[in-house]
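**Student:** Take this structure first; my questions come after.
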Number of protein chains: 2
Amino acid sequence: MVTVNRNYLKLPGSYLFSTIAKKVKAYKEANPQAKVISLGIGDVTQPLVPAVIEALHKAVEEMGHAETFHGYAPDLGYEFLRTAIAKNDYQHRGCHIEADEIFVSDGAKSDSGNIQEIFGLDNKVAVCDPVYPVYVDTNVMAGRTGDYSQERGNFDGVIYMPCKEENGFVPELPKEVPDLIYLCFPNNPTGGAITKDQLQEWVDYANKNGSVIIYDAAYEAYITQDNVPHSIYECEGARTCAIELRSFSKNAGFTGVRLGFTVVPKELVRDNVSLHSLWARRHGTKFNGAPYIVQRAGEAVYSDEGKAQLKEQVGYYQRNAKAILDGLSQAGFTVSGGVNAPYIWLKTPDKMASWDFFDYLLEKANVVGTPGSGFGAHGEGFFRLTAFGTYENTLEAIERIKNL
Amino acid sequence: MVTVNRNYLKLPGSYLFSTIAKKVKAYKEANPQAKVISLGIGDVTQPLVPAVIEALHKAVEEMGHAETFHGYAPDLGYEFLRTAIAKNDYQHRGCHIEADEIFVSDGAKSDSGNIQEIFGLDNKVAVCDPVYPVYVDTNVMAGRTGDYSQERGNFDGVIYMPCKEENGFVPELPKEVPDLIYLCFPNNPTGGAITKDQLQEWVDYANKNGSVIIYDAAYEAYITQDNVPHSIYECEGARTCAIELRSFSKNAGFTGVRLGFTVVPKELVRDNVSLHSLWARRHGTKFNGAPYIVQRAGEAVYSDEGKAQLKEQVGYYQRNAKAILDGLSQAGFTVSGGVNAPYIWLKTPDKMASWDFFDYLLEKANVVGTPGSGFGAHGEGFFRLTAFGTYENTLEAIERIKNL
């Protein structure tokens, strides 16, 4: 008789953002006149920039002619894109990363969910708390955790590293040494950043203990401060302990285009096995490459025009972040994030529970955000707002919240 | 200390098609004047049809304007595409499949590799032999098999179902009842087809024993005979035992565009759990939707123009298949497949080993095919040719083989 993967049954309820979408839908149906503004899910609102649109049209045209048609892509990504990434995102920043250490994918969500597959089931996983749900959920599904504790609001067998006001939302090095350490900086959901010196401590800790850091740098384009690293490979020794996940969603608005990549340095060996070769095998067996036209769009992100246009686009969202941060701060809220990240982390007033504040904001201000508790137990009492709305909507949302 | 997923280490050598690519590259470098024709990997050569190109350009244009920009897609696929699929691929054929039983993905390779994740590790897997390598490899990687036996050329703990000349390349019902049964018809690599009556026997067998059939129908567009089913849901009772995988790669030339889908009927329950809900959870957690522009391209496949243009494109490849089949048959080779599939299965002359024949053909005729043994032990002594070349190259390759 067929058995199912019963680890799935440990997952409580549905995916956070599905729950929010359902609540918002119900509210809109009950209040059709309400003008609801979403600063909730991290989806962008600005169109693709002209350089990317042009590259897409050109690639589409190529696909329509036999001489320039492209069938199966190389599993690991086209050379033109891997080279552009290696050069612009790494070598220009002084990081030693080669093109063949870059694995192009259909996005960082897939990669951050799939990367755990190359590790044994007996590894102990550490995550920040609060945290992007995919890291934990995919480890639960794989069987690397215990059961969900309703009381604690998290899973047995996972090392949760609290990110609190007191530590500036950067976790302390855990006392119990984890095998796999998921770090995301600039952080989702808190918008907090890590300095290069702080990150170096993590790299040293991982190297000393033989741990592997899975470093999600999806929001690096939003960094404004000099001492905040764009890549973990800016730290010495990261090539022997870190995998980096990167996305085109937030620096180029590719949420609906789907492109990302993972970096696995060739020096990264554990259990006497090259993680680079394991990921190459995984990628080559369970994935068939990102679309040619999308990889050409990715290449355009690194052209001179693309860079200039995207600097402006990111600047647009950064201005939103500042508007939220300043506005809410003036209104007397305790807010953080937003300086090196597109996320603002808001402390709910009067210790209101996160989901209560969600309902309150939806009903009283018609503004949608994300309850901090949806990201983990230590997110309780907090609330995430994103800078990805339009400027006009962002200003209006802030006005409405101010006037509550 | 970090441990790796040691199941990966059971996999012998590299992925079949990487090995072929390396051999061909080496030959070309040593013989730069050779005009090598590939009828090897199942990649298409004809450009995307005009209806698809038009849809792509239109969708790209939408992505360039704020009012029509599309960010994150629904995890499970856009309604417009799921509805078109349900209507055209299923309801028009009399199959009861609803739009919300269709999960849009980035291609059938990903789906056929990922689908095993929703099942327990204790399930016994059955595959045809020879077989598309991804089914077995991904089960090996998950830990659902034993070790690789160099002697037998396959894995312990897997039920291999021989597809031989004697059984017309359709396997017999296995005596040891498997839990998960992978079937691909029209078949890759043999090009063999299964009749509706034969497939009904498998459906009945699965329902009787509580097994699940994972039915890969990637090549259904090539079916020319009336008694050959396009979908397993043409069989009575399939909704309670079968998952179907479908691709846009071969019916619409999307190998470099990346689009596919999986059908999981809501009645499909095992171990008291709905497989539909498990796959929805998997899809929603580890995947973030296919690109908007690609889903619009998929929609165009079902437009009147798209259908007419693609009928012609598939006809082009079918003509190739016939040319290979007739040509090699006249030349005295024993060939099968090609009538309901884009693959021709050739018996090597004089019991030559498959890889020897590969080398022979590459060196003497500069023609690349795929060694049958690369697909499994029972593929030894066979060789796969594909109909996806250009007509001119296909004719020339056949001439060269004839003249050997």
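**Student:** Pairs under 7 Å by beta carbon, first residue without any contact (Cβ under 8 Å) to a residue 40 or more places away in the chain in the range B:259-278, partner buried (at least 20 other Cβ atoms within 10 Å of the Cβ) and part of a strand (DSSP E or B), six or more apart or different chains?
**Tutor:** B:273/A:4
**Student:** Same structure again: Kindly evaluate residue A:175 against the criterion of being farther than 14 Å from residue A:136 by Cβ, outside any strand (DSSP E or B), away from every other protein chain (no Cβ under 14 Å) and basic (Lys, Arg).
**Tutor:** yes
**Student:** Hey, another quick one. Could you list, in sequence order, all residues of the range B:63-93 that are free of Cβ contacts under 8 Å to residues at least 24 places away in the same chain and under 23 Å from residue A:64 (Cα atoms)?
**Tutor:** B:64
**Student:** Conditions: (1) in a helix (DSSP H, G or I); (2) open to solvent by 40 Å² or more (accessible area, probe 1.4 Å). Residue B:55 meets all but one. Number of the miss?
**Tutor:** It fails just one condition, (2).
**Student:** Applying the selection to the range B:210-243, what residues are open to solvent by less than 10 Å² (accessible area, probe 1.4 Å) and in a helix (DSSP H, G or I)?
**Tutor:** Of everything in the range B:210-243, those that are open to solvent by less than 10 Å² (accessible area, probe 1.4 Å) and in a helix (DSSP H, G or I) turn out to be B:222, B:232, B:238.
**Student:** If you don't mind, there's one more thing I want to ask. Would you be able to say whether some residue in the range B:153-161 is out of contact with any Asp or Glu (no Cβ under 6 Å at 6 or more places or on another chain) and modelled with pLDDT under 95?
**Tutor:** yes
**Student:** Okay, next question. Return the only residue of B:320, B:272 being open to solvent by 10 Å² or more (accessible area, probe 1.4 Å), of a type outside the set (A, V, I, L, M) and modelled with pLDDT of 95 or more.
**Tutor:** Numbers: B:320 fails: open to solvent by 10 Å² or more (accessible area, probe 1.4 Å).
Criteria check complete, one pass: B:272.
**Student:** Also, I was wondering about something else. So in the range A:263-318, with the set limited to residues that are in a loop (DSSP other than H, G, I, E, B) and within 20 Å of the chain's Cα centre (by Cα), which one is nearest to the other protein chains (Cβ to nearest Cβ)?
**Tutor:** Step by step, filter the range A:263-318, then rank; the result is A:290.
**Student:** I would also like to ask the following. In the range A:95-113, which residues are closer than 18 Å to residue A:80 by Cβ, part of a helix (DSSP H, G or I) and open to solvent by 10 Å² or more (accessible area, probe 1.4 Å)?
**Tutor:** A:99, A:100
**Student:** Considering each of A:82, A:93 in turn, give the residue that is more than 8 Å from every other protein chain (Cβ to nearest Cβ), in contact with a helix residue (DSSP H, G or I) (Cβ under 6 Å, 6 or more places away or on another chain) and among the basic types (Lys, Arg). Quick ask: steps written out before the conclusion?
**Tutor:** Working: A:93 fails: in contact with a helix residue (DSSP H, G or I) (Cβ under 6 Å, 6 or more places away or on another chain).
The conditions single out A:82.
**Student:** For the range A:388-404, what are the residues that are in a helix (DSSP H, G or I) and surrounded by 24 or more Cβ atoms within 10 Å (Cβ to Cβ)?
**Tutor:** A:394, A:397, A:398 - these are the residues of the range A:388-404 that are in a helix (DSSP H, G or I) and surrounded by 24 or more Cβ atoms within 10 Å (Cβ to Cβ).
**Student:** In the range A:64-78, what residues are under 17 Å from residue A:276 (Cβ atoms) and surrounded by fewer than 17 Cβ atoms within 10 Å (Cβ to Cβ)?
**Tutor:** As a first pass, look at the range A:64-78 and keep what is under 17 Å from residue A:276 (Cβ atoms): A:74-77.
Result: A:74, single match.
**Student:** Is it fair to say residue A:330 is in contact (Cβ under 8 Å) with a residue 12 or more places away in the chain, closer than 22 Å to residue A:223 by Cα and surrounded by fewer than 24 Cβ atoms within 10 Å (Cβ to Cβ)? Let's see the steps before the verdict.
**Tutor:** Values: in contact (Cβ under 8 Å) with a residue 12 or more places away in the chain: yes; closer than 22 Å to residue A:223 by Cα: no; surrounded by fewer than 24 Cβ atoms within 10 Å (Cβ to Cβ): yes.
In short, no.
**Student:** Working carefully through the options A:336, A:354, find the one that is buried (at least 19 other Cβ atoms within 10 Å of the Cβ) and touching an Asp or Glu at 6+ places or on another chain (Cβ under 6 Å).
**Tutor:** Checking each option against the conditions leaves just A:354.
**Student:** Right, something else. Can you tell which of A:100, A:111 is within 10 Å of another protein chain (Cβ to nearest Cβ) and modelled with pLDDT of 95 or more?
**Tutor:** Just one listed residue meets the conditions, A:111.
**Student:** Next question. For the range A:114-138, enumerate the residues that are touching a Gly at 6+ places or on another chain (Cβ under 9 Å) and outside any strand (DSSP E or B).
**Tutor:** Scanning the range A:114-138 gives A:121, A:124, A:130, A:131, A:133, A:134, A:135, A:136, A:137, A:138.
**Student:** Can you find even one residue in the range A:244-255 that is closer than 29 Å to residue A:57 by Cβ, surrounded by fewer than 24 Cβ atoms within 10 Å (Cβ to Cβ), out of contact with any Asp or Glu (no Cβ under 6 Å at 6 or more places or on another chain) and not aromatic (Phe, Trp, Tyr)?
**Tutor:** Yes, the range A:244-255 contains at least one residue that is closer than 29 Å to residue A:57 by Cβ, surrounded by fewer than 24 Cβ atoms within 10 Å (Cβ to Cβ), out of contact with any Asp or Glu (no Cβ under 6 Å at 6 or more places or on another chain) and not aromatic (Phe, Trp, Tyr).
**Student:** Read through the list (1) at positive phi; (2) within 12 Å of another protein chain (Cβ to nearest Cβ), then give the number of the only condition that residue A:64 fails.
**Tutor:** Here residue A:64 meets the rest and fails (1).
**Student:** Further question on the same structure: Could we say that residue B:258 is closer than 30 Å to residue B:61 by Cβ, among the charged types (D, E, K, R) and surrounded by 22 or more Cβ atoms within 10 Å (Cβ to Cβ) here?
**Tutor:** Values: closer than 30 Å to residue B:61 by Cβ: yes; among the charged types (D, E, K, R): yes; surrounded by 22 or more Cβ atoms within 10 Å (Cβ to Cβ): yes.
Against the criterion (closer than 30 Å to residue B:61 by Cβ, among the charged types (D, E, K, R) and surrounded by 22 or more Cβ atoms within 10 Å (Cβ to Cβ)), residue B:258 qualifies.
**Student:** If I go through the range B:1-47 residue by residue, how many of them are polar (S, T, N, Q), crowded, with 17+ Cβ neighbours inside 10 Å, part of a loop (DSSP other than H, G, I, E, B) and within 23 Å of the chain's Cα centre (by Cα)?
**Tutor:** Count: 2.
**Student:** Also: Given the conditions (1) over 30 Å from residue A:46 (Cβ atoms); (2) of a type in the set (Asp, Glu); (3) open to solvent by 60 Å² or more (accessible area, probe 1.4 Å), which single one is not true for residue B:117?
**Tutor:** Of (1) over 30 Å from residue A:46 (Cβ atoms); (2) of a type in the set (Asp, Glu); (3) open to solvent by 60 Å² or more (accessible area, probe 1.4 Å), only one is false for residue B:117: (3).
**Student:** Go over the candidates B:342, B:349 one by one and state the one that is away from every other protein chain (no Cβ under 14 Å) and not hydrophobic (A, V, I, L, M, F, W, C).
**Tutor:** When all the criteria are applied, what remains is B:349.
**Student:** On the basis of being within 13 Å of chain B (Cβ to nearest Cβ) and either at positive phi or assigned to a strand (DSSP E or B) (or both), does residue A:71 make the cut?
**Tutor:** Taking the combined requirement at face value, the residue does not satisfy it.
Quick grid of which residues meet (1) under 15 Å from residue A:213 (Cα atoms); (2) touching a residue at least 24 places away in the same chain (Cβ under 8 Å); (3) among the charged types (D, E, K, R):
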residue: A:105; (1), (2), (3): no, yes, no
residue: A:108; (1), (2), (3): no, yes, no
residue: A:111; (1), (2), (3): yes, yes, yes
residue: A:121; (1), (2), (3): no, no, no
residue: A:127; (1), (2), (3): yes, yes, no
residue: A:132; (1), (2), (3): no, yes, no
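**Student:** Identify all residues within the range B:369-387 that are surrounded by fewer than 23 Cβ atoms within 10 Å (Cβ to Cβ) and at pLDDT 95 or above; write none if there are none.
**Tutor:** Hits for the range B:369-387 are B:380, B:381.
**Student:** Restricting to the range B:121-133, count the residues that are at the interface with chain A (Cβ under 10 Å from one of its Cβ atoms) and either under 18 Å from residue B:220 (Cβ atoms) or open to solvent by 10 Å² or more (accessible area, probe 1.4 Å) (or both).
**Tutor:** 4
The values are calculated or read from the model by the stated rules, or taken from the named source; none is laboratory data. On a predicted model such as this, the values are computed, not experimentally measured, just so you know. Using ideal geometry, Cβ is built from the backbone for each residue, glycine included, and neighbour counts are taken over all protein chains shown. Side chains are part of the model used for accessible areas, which takes the heavy atoms of the whole protein and leaves out ligands, DNA and RNA. Shrake-Rupley method; radii C 1.70, N 1.55, O 1.52, S 1.80 Å.
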